[in-house]
Every structure is written in C-alpha cells, then in structure tokens.
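**Student:** The structure under discussion is supplied below as structure tokens; questions concerning it will follow.
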Amino acid sequence: MLEKEIELQLVIAVKKMGGRAVKFISPGFDGMPDRLVLLPGGKCGFVEVKAPGKQPRALQRVRHEMLRAMGFKAYMLDSREQIEEIINDIYTA
C-alpha cells in the first residue's frame, strides 16, 4: 500500500468522526508531521504518514519529540490498521 493511500484512509476516517485531517505544511520548519488531525471537542494530534515499513527521518523524530515535550500528541502511521487506534487515542485524551 502506498503512503498516499494510507493518508487518504486517515482523512476519510477522521471526517466520519466529524473532524478534519488537514495537510500540515510548515515552510522554514522542516520535519513537521504531514497531517494535523482536528476532532470534535477541541482534540488534536499530529500524524506523520509513511509507506508500510518506512522509517521517519532523523529530523522528523526530533520534531515528534519536540511536539510531545510541549504536550501535543504526535504519531507515526504506516498501516491502515493503525488509523482507528490513533484517532481513538487523540479523541480520548
């Protein structure tokens, strides 16, 4: 499965919950996750989407740790099976 297919499944699943998974682009601040997941109730999380088995770059790992240290949720997604778990974790936080 391609990265873009997994990303599309994430967008669809979040939309079904009444939320949005917006493309997150941060010019001048490389390594930020691909998607910002916004859920009802003011819940949000950052999701980096990868093709199955692909690993994040070193800078992406640094950005995830930075986000977590600031109290945000940050996830790596590389399979369709992880989508529900990630969404539920964001929603129940």
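**Student:** Taking the options Gly71, Gly45, Gly41, name whichever one is touching a residue at least 40 places away in the same chain (Cβ under 8 Å) and either more than 22 Å from Ile12 (Cα to Cα) or within 12 Å of the chain's Cα centre (by Cα) (or both). Lay out the reasoning, then the answer.
**Tutor:** On the way: Gly71 fails: touching a residue at least 40 places away in the same chain (Cβ under 8 Å); Gly41 fails: either more than 22 Å from Ile12 (Cα to Cα) or within 12 Å of the chain's Cα centre (by Cα) (or both).
So the residue among Gly71, Gly45, Gly41 that is touching a residue at least 40 places away in the same chain (Cβ under 8 Å) and either more than 22 Å from Ile12 (Cα to Cα) or within 12 Å of the chain's Cα centre (by Cα) (or both) is Gly45.
**Student:** Still on this model: Right, Gly45: under 23 Å from Leu2 (Cα atoms), of a type in the set (Gly, Ala, Ser) and surrounded by fewer than 17 Cβ atoms within 10 Å (Cβ to Cβ) or not?
**Tutor:** No; evaluated as a whole, the condition is false for this residue.
**Student:** Suppose we keep only residues that are aliphatic (A, V, I, L, M) and in contact with a Gly (Cβ under 9 Å, 6 or more places away or on another chain) within the range 25-42. Which one would you say is surrounded by the most Cβ atoms within 10 Å (Cβ to Cβ)? Break it down stepwise before answering.
**Tutor:** Within the range 25-42, the subset aliphatic (A, V, I, L, M) is 25, 32, 36-39.
Still in the list and also in contact with a Gly (Cβ under 9 Å, 6 or more places away or on another chain): 36-39.
On the way: Leu36: 18, Val37: 26, Leu38: 16, Leu39: 20.
Taking the candidates together, the pick is Val37.
**Student:** Does Val22 satisfy the condition of being within 17 Å of Ile90 (Cα to Cα), buried (at least 18 other Cβ atoms within 10 Å of the Cβ) and under 13 Å from the mean Cα position of the chain (by Cα)? Please lay out each step first, then the result.
**Tutor:** On the way: within 17 Å of Ile90 (Cα to Cα): yes; buried (at least 18 other Cβ atoms within 10 Å of the Cβ): no; under 13 Å from the mean Cα position of the chain (by Cα): yes.
Judged against the criteria, Val22 is not a match.
No lab work stands behind these numbers, since they all come straight from the coordinates. The structure presented is a predicted model; accordingly, all values stated were derived computationally and were not measured. We place every Cβ from the backbone using ideal geometry, glycine too, and count neighbours over all the protein chains shown.
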